[in-house]
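This report refers to the structure that appears directly beneath it.
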Amino acid sequence: MPSEDMSKGKSWAEQVDEGDEGYVLTGVLPPNTEDYDEKKGLKKITEYKYNDEGKIVKTVKTYRIETIKVSKSIAHRKTWKKFGAAERDPPGPNPANTIISEEIFMQFVNTSEKQADEDDDPLGKLKNQKIVQCRICKGDHWTTKCPYKDTLAPLQEKLIEDQRKPEPPSTGAAAAASKTAGGKYVPPSLRDGGSKRQGESMSTQRKDEAATIRVTNLSEDTRESDLQELFRPFGPISRIYLAKDKVTGQSKGFAFINFHRREDAARAIQGVSGFGYDHLILNVEWAKPSGQQ
Amino acid sequence: MKPIMLHGHERSITQIKYNREGDLIFSCAKDSQPNVWYSLNGERLGTFNGHNGAVWCIDVNWDTTRVLTGSADNTCKLWDTETGVSLNSIATDTAVRSCGFSYSGNTIMLTTDKTMGFPCEIRIYDVRDGSQLESGEPSQRVALPTSDAKITSAIWGGLEDFILTGHENGEVCQFDVKTGEKIASEKGHNKQINDIQPSKDGNWFITASKDFTAKLFDMQTLEPLKTYRTERPVNSASISPLFDHVVVGGGQEAMNVTMTSTKIGKFDARFFHMVFEEEFGSIKGHFGPINSLSFHPDGKSYSSGGEDGYVRVHYFDQMYLDFRFEY
C-alpha cells in the first residue's frame, strides 16, 4: 500500500466521502477560495454551488497568469471598466461567454513533394516485399492491372477447359489448380498446396509475451515499489513497467509485469485479480500482444 | 492551438473586426447587441446596447475611441468605445448594410439597402461637424439609380478619395468622395460580393463572393490579380499582414445548412498562398458557415465569426509560423 502518502494527504476517495457527509448535512456552501501560486504563475479558483438535483458541485478552475509588455494605449485600454451586458462580470474572462475549446490543428494539404514522398515510400516497400502477385503472368501487380489481361487470361481459361475435357475424372489437386487460375479467392494459407508456412509468425511473438500480465485500475499514487511488493510473493519478476504521466510523474493507472515463469504469472492473476488496493479493485489479466508485428 | 470561443451573441455573427493595434475584437450579429472583447484572453469588455434590429456592420476608428455600427433598424450609431455610450444615431430610410471610418477617423461612410422603394445610397458624414450627425444630412449623398444592383459591401479606398463598393451582381466600383461620381467599375464576380477587405498597405483588396471564389484586386485600377477557388459560397476573406497568405471562409449557404452534414458543408477556414493561388491548409471548428474572418494586425492570430453565433479566436501554432510554401 502507498502508506507514505497517507500521512501527507487523504486519498481522493476519503475526501469525497468526507465532503459529502460534511456539507450535505449542514447545508451550507463552503466559501469560494482563490489560490495564487506566484512562482508557477498559476491561479486556482475553487467554487461551490448547488446543481439542479440539489447536490453540491465543486468546480476548480486553473488559470495561467502571464505578464506581457504592451504599448501604453493597449495597457490603458486594459484598465477600462466593463460596460453593457458585461458590466457585472468579475475581472477576467467570464466562463459563460468565453470558452476555451478543444485542441485543434491546422491541416496542411497536398501541394508539396512531401506528400508525394509519403505516398511513394509504402509503395516502394510493397514492391520489394512482392506481396502482390498476378495470377495471370505471375508479375508483381494486381491481376486486374495485368497488361496481359486481355491476351493471356482468355488463353489460360481455354487451356484449363482443354485440360478438363480429356480427363474429366481427375478431381482434387487438379480441380483446385483450375479454380485458382479461374480467379476464385483462395486464402493465403491454402495457396501453394497449403500447410507450407501455417501460422509460423504467431508462435515467436507469443514467447515474449507469455509471462506478462497487465494490471489495470491502479490508483494514481501507486509506485513501482508497491507493485514489486504486491507481486513478489508469486515468483521472480523480470520487469515491471508502470505507465506514468510525463509531467506529473503520477501513475496512469495501469502496469505490465513480466514474470520469469508462466505459472507464476497465472497464479498472480488468480491471486490479485479483484483484490482491493487503495480503494480500487484491481483488474489483472494476460497482457495482449501488441498490435504491431 | 486551442481556439477561444466567444459566446456573446444569440444569433449568427455578421461581421468581426480587430482594432488597429489588435488588442480588441469587435463583433456584431443578427441580434441587436454588438460586443467588444479583449483578443488576448477572450474577456468581454462590454456590449453596445441600443439597436433594435440585426446589426450588419461594425467599424472602429484609428485610435479606438469611437465605434460605428449599422443596423437593420434603419440607424447607424456612433459609440464611445470606453463606456459603450451611444453618442449619435443617424436615421436612414432603409437598413444600413455597411459602414466604415476613414483612416483619419474624421469622416464616416455608410451604405443602405435598396428596399421599400428607396434607392441604395452611399452617405458620407464629417464626424467633426456635429450638425451633420444630428440632422442626418450627409456632406455627400450618392443615390444609385434603381437599375443598379445594391451595394452589399463597402470600404474606404485609396487616400480617402474614393469608396470601394461590392455589389449584388458581382461588380466592384469606385465612387469619388467629393463628387459622388462613379470613377471606375469592374465586373469581378458572377454573383453577390459578400465581403471586401483591404491589404495592410491598402494597395490591394480581396473580395469574397457567392460565386465560390475570392479574388484579389488592385485598389487603384480594379484589375483582377488573383483568384482563389473553393467549392462553396465564400462569405469572407482576409489578407495576412505577415505572410503572402490569404484566408477564405464560407460554406454552404445558411438556408441550406440543415440539409447538409458538417462534413460536406465545408465550414473550415481555408488558407491559400496569395501569389500561387494554391490552398495549403485549413482549420476546422465552426458548426455553420463562416460569415466573417479577420487576421490580427500582427498576422499571428486570426478570428472567425460564424452562422453558429460563435466568434473563434485562433492563435497560430509555431508550425504555421515556420511553414514555408515550397515552390
Using a 10 Å cut-off around each Cβ of peptide B:43-51, what is the average number of partner chain Cβ atoms that fall inside? 6
Which of the trypsin sites (Lys or Arg not before Pro) across segment A:224-293 are loop residues per DSSP, with 14 or fewer other Cβ within 10 Å? A:Lys246, A:Arg261
Can you tell me which of A:60-70, A:93-103, A:216-226 comes out highest on packing, and rank the rest after it, using the mean Cβ neighbours within 10 Å? A:216-226, A:93-103, A:60-70
Give me the net charge of B:Val247's neighbourhood, meaning all other residues with Cβ under 11 Å from the Cβ of B:Val247; Lys, Arg count +1, Asp, Glu -1. -1
Could you tell me the convex hull volume per residue, in Å³, taken over the Cα atoms of chain B? 124
Based on the Kirkwood radius over alpha-carbon pairs, what is the Stokes-Einstein translational diffusion coefficient of segment B:261-327 at 37 °C with 0.692 mPa s viscosity, in µm²/s? 253
Please state the relative contact order of segment A:207-286 as a whole percent: Cα pairs under 8 Å, 6+ residues apart? 40
Counting only C-alpha contacts under 8 Å and six or more residues apart, can you give the relative contact order of chain B as a whole percent? 13
Can you give the mean number of other chain Cβ atoms that lie within 10 Å of the Cβ atoms in peptide B:152-165? 0
Which value in Å does the Kirkwood hydrodynamic radius of segment A:252-293 take, with 1/r averaged over all unlike C-alpha pairs and then inverted? 11.7
Amide H of B:Arg66 versus every other amide H placed in the peptide plane: which residues, excluding those fewer than 5 positions away on the same chain, fall under 5 Å? B:Asn61, B:Thr81
Options B:Ile193, B:Ser240, B:Tyr125, ranked by Cα towards positive dipole end of chain B, top entry (Cβ charges): B:Ile193
Binned Cα-Cα distance frequencies in segment B:1-89 - 10 Å width, integer %: 19, 55, 23, 2, 0
Over the C-alpha atoms of segment B:27-172, what are the Rg and the largest Cα-to-Cα span, Dmax, in Å? 14.7, 48
Shielding by other protein chains, B:4-10, mean Cβ within 10 Å: 4
Once label points are set 7 Å from the Cα along Cα→Cβ at both B:Lys187 and B:Phe287, what is their separation, rounded to one decimal in nm? 4.2
Count the net charge of all other residues whose Cβ sits under 11 Å from the Cβ of A:Asp245, scoring Lys and Arg as +1 and Asp and Glu as -1. +2
Please list 3J(HN,Hα) in residue order for segment B:243-251, calculated via the Karplus relation 6.51 cos²θ - 1.76 cosθ + 1.60 where θ = phi - 60°; whole Hz, with x for glycine and proline. 10, 7, 10, 9, 10, 10, x, x, x
I need the per residue convex hull volume for segment A:207-286, using only the alpha carbons, in cubic angstrom as a whole number. 77
Could you calculate the contour length gain from A:Asp37 to A:Glu263, that is, 0.36 nm times the residue separation minus the distance between their Cα atoms, to one decimal place in nm? 76.2 nm
Given B:137-146, B:277-286, B:30-39, the highest-first ranking by average Cβ count within 10 Å works out to B:30-39, B:277-286, B:137-146
Gyration tensor (alpha-carbon) shape descriptor, segment A:29-73, a/c threshold 1.5: prolate
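Taken together, the values in this text are just the output of simple stated rules run on the coordinates, not laboratory data. All figures in this text were calculated on a predicted structure; none of them were measured in a lab. Cβ atoms come from the backbone with ideal geometry, glycine included; neighbour counts cover every protein chain shown.
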